[in-house]
Amino acid sequence: MADTFEDHRGRIHDLLGPVDAVTEIRTLAGACRGNHYHGRTTQWAYVVSGEMLFASVQDDGLREEVRGPGDLVCEPAGVRHAWRAVSNCTVLVFTSGPRSGAYETDTVRLEVPILT
């Protein structure tokens, strides 16, 4: 997917393929989001401002990482995930799949949260 064009002016590098929706999410410091997974939707979270703790449960266990402005995090379909804002934070979420435009249609809430 990662197509690149380069000439004397610089470089253009595609980061994402086709997406179905782009959503802005603003989160206040200390607040949690997520604690769910999407059955058939992949989402990419781009941090615009602030810092966000991203947590996900992968095959090898719990992963946690703090990301800041300019960082892009991929959350594939089926991966349980949650966020906690380290500071007031704005994130753009790019989605590919049925969750786009109808948020709850492809969202499965976790009985036991990853983050609280």
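Just the residues that are modelled with pLDDT under 95 and at positive phi, please, taken from the stretch 35-69.
The one that is modelled with pLDDT under 95 and at positive phi: Gly61.
Looking at Leu72, Leu16, Leu53, which one is more than 29 Å from Glu111 (Cα to Cα) and touching a residue at least 24 places away in the same chain (Cβ under 8 Å)?
Values: Leu72 fails: more than 29 Å from Glu111 (Cα to Cα); Leu53 fails: more than 29 Å from Glu111 (Cα to Cα).
Testing whether each residue is more than 29 Å from Glu111 (Cα to Cα) and touching a residue at least 24 places away in the same chain (Cβ under 8 Å) leaves just Leu16.
Here are the criteria: (1) closer than 30 Å to Thr4 by Cα; (2) under 13 Å from the mean Cα position of the chain (by Cα); (3) not aliphatic (A, V, I, L, M). Tell me which single one His36 does not satisfy.
Only one criterion is unmet by His36, namely (1).
When Gly61 is evaluated against the numbered criteria (1) open to solvent by 20 Å² or more (accessible area, probe 1.4 Å); (2) touching a residue at least 24 places away in the same chain (Cβ under 8 Å); (3) among the small types (Gly, Ala, Ser); (4) out of contact with any helix residue (DSSP H, G or I) (no Cβ under 6 Å at 6 or more places or on another chain), which criterion, by number, is the only one it fails?
Of (1) open to solvent by 20 Å² or more (accessible area, probe 1.4 Å); (2) touching a residue at least 24 places away in the same chain (Cβ under 8 Å); (3) among the small types (Gly, Ala, Ser); (4) out of contact with any helix residue (DSSP H, G or I) (no Cβ under 6 Å at 6 or more places or on another chain), only one is false for Gly61: (2).
Among strands (runs of 3 or more DSSP E) lying entirely in the stretch 9-116, which contain 1 or more residues that are of a type in the set (D, E, K, R) and out of contact with any Lys or Arg (no Cβ under 9 Å at 6 or more places or on another chain)?
Ranges flagged: 10-13, 21-27, 61-67, 72-75, 80-85, 107-109.
Here are the criteria: (1) among the β-branched types (Val, Ile, Thr); (2) over 26 Å from Glu111 (Cβ atoms); (3) buried (at least 20 other Cβ atoms within 10 Å of the Cβ). Tell me which single one Val48 does not satisfy.
Exception for Val48: condition (3).
Going through Arg63, Arg26, Arg84, Arg80 one at a time, which residue ends up being closer than 18 Å to Thr116 by Cα, of a type in the set (Lys, Arg) and in contact with a His (Cβ under 8 Å, 6 or more places away or on another chain)?
Arg80
Taking the stretch 79-106, which residues are loosely packed, with under 15 Cβ neighbours inside 10 Å and in contact with a strand residue (DSSP E or B) (Cβ under 6 Å, 6 or more places away or on another chain)? Before the answer, list the steps.
Within the stretch 79-106, the first condition is being loosely packed, with under 15 Cβ neighbours inside 10 Å, and the residues that meet it are 87-88, 92, 101-105.
Within the stretch 79-106, Leu92, Gly101 meet the criteria.
Considering only the stretch 1-38, state which residues are under 26 Å from Gln58 (Cβ atoms), in contact with a Leu (Cβ under 7 Å, 6 or more places away or on another chain) and loosely packed, with under 15 Cβ neighbours inside 10 Å.
Leu15, Val22
The values are calculated or read from the model by the stated rules, or taken from the named source; none is laboratory data. Worth saying up front: this structure is predicted, and the values here are computed from it rather than measured. Reconstructed Cβ throughout: ideal geometry from the backbone, glycine too, with neighbour counts over all protein chains shown. Each accessible area value is taken on the protein alone, full model and side chains, heavy atoms only, with ligands, DNA and RNA left out. Shrake-Rupley method; radii C 1.70, N 1.55, O 1.52, S 1.80 Å.
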